[in-house]
1. How many of the residues making up segment 46-57 are among the charged types (D, E, K, R) and at pLDDT 90 or above?
2. Kindly indicate the residue of segment 23-36 that is closer than 13 Å to Thr70 by Cβ and out of contact with any helix residue (DSSP H, G or I) (no Cβ under 8 Å at 6 or more places or on another chain) and also surrounded by the fewest Cβ atoms within 10 Å (Cβ to Cβ) among those meeting that condition.
3. Quick check on my filter: what residues within segment 46-63 are buried (at least 19 other Cβ atoms within 10 Å of the Cβ) and under 15 Å from Arg108 (Cα atoms)?
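The values are calculated or read from the model by the stated rules, or taken from the named source; none is laboratory data. Everything numeric here is computed off the predicted structure, so don't read it as measured data. Note that each Cβ is placed from the backbone with ideal geometry, even for glycine, and that neighbours are counted across all protein chains shown.
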Amino acid sequence: MSEDAAPNTHDKVFRLINYREKCPDCDVAVGEEHEFDPYDGGCSKAICLKTGYQRLMCDLDHDHGREKWTGWSPGLIECEEFGWMLAPGWPDIPRLYTEAVWDPEQGRWVKPS
């Protein structure tokens with residue numbers, strides 16, 4: 001196996017290890033909207049589609065949207081893509097929140113240009 005192929009193989013195995021068919025908080029399946037509760041915000045894994053931050057902690061006066069469970073914890077894919085992992089399975093979320101920019105049209109974090 002060439003050195004170029006090794007990181008791609010590692011990423012694929014890594015993602016399978018972290019993939020969850022159901023949200024670990026609200027138990028919805030992949031492709032379903034996270035549970036929402038107007039009192040407490042609902043699922044702790046759901047993100048605000050306007051800001052990219054955790055929906056239940058977003059106190060801004062706007063429609064937060066109804067994010068769907070993807071199978072991966074919020075920010076994991078972007079941290080993997082940007083090489084911002086603290087250790088296998090541990091994305092550097094503080095770095096993601098401070099160095100990346102949320103793109104509401106794409107519904108994901110992007111590196112600033």
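1. Taking segment 46-57 first, the residues among the charged types (D, E, K, R) are 50, 55.
Subsequent filtering for residues that are at pLDDT 90 or above retains 50.
Number satisfying all stated conditions: 1.
2. That would be Gly31.
3. The answer is Ala46, Ile47, Cys48, Gly52, Arg55.
This table checks each residue for (1) buried (at least 19 other Cβ atoms within 10 Å of the Cβ); (2) in a loop (DSSP other than H, G, I, E, B); (3) modelled with pLDDT of 85 or more; (4) not charged (D, E, K, R).
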{"position": "Pro38", "(1), (2), (3), (4)": "no, yes, no, yes"}
{"position": "Ser44", "(1), (2), (3), (4)": "no, yes, yes, yes"}
{"position": "Trp72", "(1), (2), (3), (4)": "no, yes, yes, yes"}
{"position": "Ile77", "(1), (2), (3), (4)": "no, no, yes, yes"}
{"position": "Pro94", "(1), (2), (3), (4)": "no, no, yes, yes"}
{"position": "Tyr97", "(1), (2), (3), (4)": "no, no, yes, yes"}
